[in-house]
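Accompanying notes for the structure given below.
The values are calculated or read from the model by the stated rules, or taken from the named source; none is laboratory data. Note that the structure is predicted; figures quoted are calculated from it, not measured. Neighbour counts run over all protein chains shown; Cβ positions are idealised from the backbone, glycine included. Ligands, DNA and RNA are excluded from the accessible area calculation, which covers all protein heavy atoms including side chains. Shrake-Rupley method; radii C 1.70, N 1.55, O 1.52, S 1.80 Å.
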Amino acid sequence: MLKNIFIAFSLLSFNASFAEPTNARETYEINSSMERVEEQNPLDRQKINQLLIQKEALDKELSENNIWSKIYSNYHTYKELEEQQITLEAKIERLEKITKRTNEEKEELQAAQENMITLLGKLQLLKEYEKDPFKEFLTPPALDAVPKVESPFAVIGALSYREKLQSDIKMYNNRYESLQSIVEKFKEKQLILKKLLTLDPLNLDYINEQKDTVDQIKTFIPVLEIFKTTKNVHSKKIDEIELNLKNDIQREIERTVTIGAIILFFIFLLFFIKYFVKKYMSDNENFYAINKALNISFVSILLLTLLFAYIENVSYLVTILGFASAGIAIAMKDWFMSLMGWATIVIGGSIHVGDRVRFVREGVEYVGDIVDISMLRITMHEDINLTSYMTNRRAGRMIFIPNNYIFTDMIANYSHSGLKTVWDGIDFVITFDSDAHKATQIAKEITKKYSKGYTEITRKQLNKLRSKYGMRNTNVEPRIFVHIEPYGLKISAWYLTNSFATMTLRSTISIEIISRIQEEEKIQLAFPTQSIYVDQNVPKPEIELDDIDPKTWI
């Protein structure tokens, strides 16, 4: 015991009397450390090797694919460069204050200034690490505007938005977990260094590395706490948004299912009604009109259902339409007038699908059957008739007539209010010396024979129309007229025929009249000719006025 005290006292006295230089002292400590390592027993060396292997593995994990360590390294480098800048600025300031510099001082000043330029360039490159180097990684992903789920199509956008939120929060959580893992590894490294210093307390490498590790832990611990708080706040926002989106999506899906069920019910009802209409009214002339009315009713119900379901403030829409109606009426005059024409046709009932009509536009005539009446136009199928035979020389075309033309152009209906017949006339000319009485008699017999059925039908239809219109002349018998023309007497025979097949009966009657006239010797058909009488009296036809019925000339 006394021996140890004496040795300690001797060492203290030696240190107090002889102060060695710093470098010599450090050299002495390193040599002493090496001697101590050599003097360590094999068991301690084995433990140190195991700890060094563990530390090397941690260093490798911390250096590879670790953005946090790289940011800290850049941040630490920036701080060291700042310290160097302060030292260099002081050195330059000191040298600049010297009025008479030696060559060595001048060279030293120039070298210091060049180093300052290089140093400032490095600081400029690492400028982003001056303050809050971890701010970019701590800031949560920006939240876009939350979509409003007000229609079935918006559900898709809301689901995509939820997927994006989940992807962003997952990435943010991974970033937090990586920082948490880094801090745990630094703590583990700190523990290994403590154990190494326990086995080798004077190892300067371990001491310096321990100091750096502690500095890194002190830097990352506050960052981790801030990250944790930010993550919790951001997660609560995400949870709130996802909950609201989930409720909105569920509500919209329920509303869509309800509306879909209503629409399916009306579709089923429409097909059910159409089935019975087709079964019991397929031969009825009103079948097309009923079918069209059913379609329009279904579309109207569908539009109203969607309108009241997806428009929050219907009165606002009505107000907007009220203000916009004047502009719409001016800008879309023809379209608006076509809608008014459609309403007039539907309500007035002057034209129906299936009617035979004659339409005149800019001097061109079209005769055909109405095959469709839409909200904007009438579709007519052109048929072969006297107009196409004598004027157009074309037939079979689909003619599209805008509905607004009913206000400006003439449209004649051949089959209005169930009237299926029309007056048609055949003209032929006989010579002045022919038997006009016999010719008119033949024309009347033939027209009466072939139009008898249509005459009876027309009589019944006109009697029905007399209650609706002020009709005075309801004579339906064939009418024969005789007129004097430059080349003879024109006999005009008028009769009732089917308005949809005028050409057929016209051909039949024409053939019959020609055949009968050819059988008569006193009747000659006339054509543009001239007769010259030389020294002879002009013969006059002998016509017995008592035999001619004046009623046939009316």
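Annotations
- Full extension of the chain segment joining Asn173 with Ile226 gains 17.7 nm, where the gain is 0.36 nm per residue of separation less the Cα-Cα distance.
- Positive-end residue, the range 43-197 charge dipole about Cα centroid, Cβ charges, pick of Ile169, Leu123, Gln180: Gln180
- Accessible heavy-atom area order of Thr229, Thr344, Thr474, highest first, probe of 1.4 Å: Thr229, Thr344, Thr474
- Within the full protein context, the accessible area of Ser467 is estimated at about 110 Å² for a probe radius of 1.4 Å.
- Taking Cβ atoms as reference points and 13 Å as the exclusive limit, the residues near Glu177 contribute a net charge of +4, counting Lys and Arg as +1 and Asp and Glu as -1.
- Taking all protein chains together and a 1.4 Å probe, the residues Phe220, Phe298 rank Phe298, Phe220 from largest to smallest accessible area.
- Here the spin labels are modelled as points 7 Å beyond Cα on the Cα-Cβ line, and at Gln124 and Phe266 they lie 7.2 nm apart.
- Taking the range 116-221 and dividing mean pair separation by its residue count, relative contact order in percent (alpha carbons under 8 Å, at least six apart): 19
- Ordered from largest to smallest accessible area (heavy atoms of protein chains, 1.4 Å probe), the residues Arg393, Arg506 come out as Arg393, Arg506.
- Built amide H within the under 5 Å cut-off of Ser434, gap 5+: Gln524
- For the range 367-445, carbon and sulfur atoms together expose 56% of the accessible surface, with a 1.4 angstrom probe and every protein chain in place.
- Take the Cα of Arg466, go 7 Å toward its beta carbon, and the backbone nitrogen atoms of the range 412-451 under 20 Å from that spot belong to 416-423.
- Thr102-Glu80 pseudo-label distance in nm [points 7 Å out on the Cα-to-Cβ vector]: 3.2
- Given Lys79/Lys127; Lys420/Lys464; Lys60/Lys122, the pairs whose alpha carbons are separated by over 18 Å: Lys60/Lys122
- Area of Tyr176 that stays accessible when all protein chains are in place (1.4 Å probe, Å², to 10): 20
- ³J(HN,Hα), Karplus 6.51/-1.76/1.60, whole Hz, each residue of the range 199-205, x for Gly, Pro: 7, 9, x, 9, 7, 5, 4
- Counting only heavy atoms of the protein chains and using a 1.4 Å probe, His437 has close to 70 Å² of accessible surface.
- The Cβ shell under 15 Å around Ile517 holds other residues with a net charge of -3, Lys and Arg each +1, Asp and Glu each -1.
- Shown here for the range 413-521: GluC sites (Glu not before Pro) in loop regions (DSSP other than H, G, I, E, B) with at most 10 other Cβ atoms within 10 Å, namely Glu521.
- Put a dot 7 Å past the Cα of Tyr280, heading toward its Cβ, do the same for Leu159, and the two dots end up 4.5 nm apart.
- Amide hydrogen neighbours beyond the local backbone of Ser499, cut-off 5 Å, H modeled: Thr421, Val422
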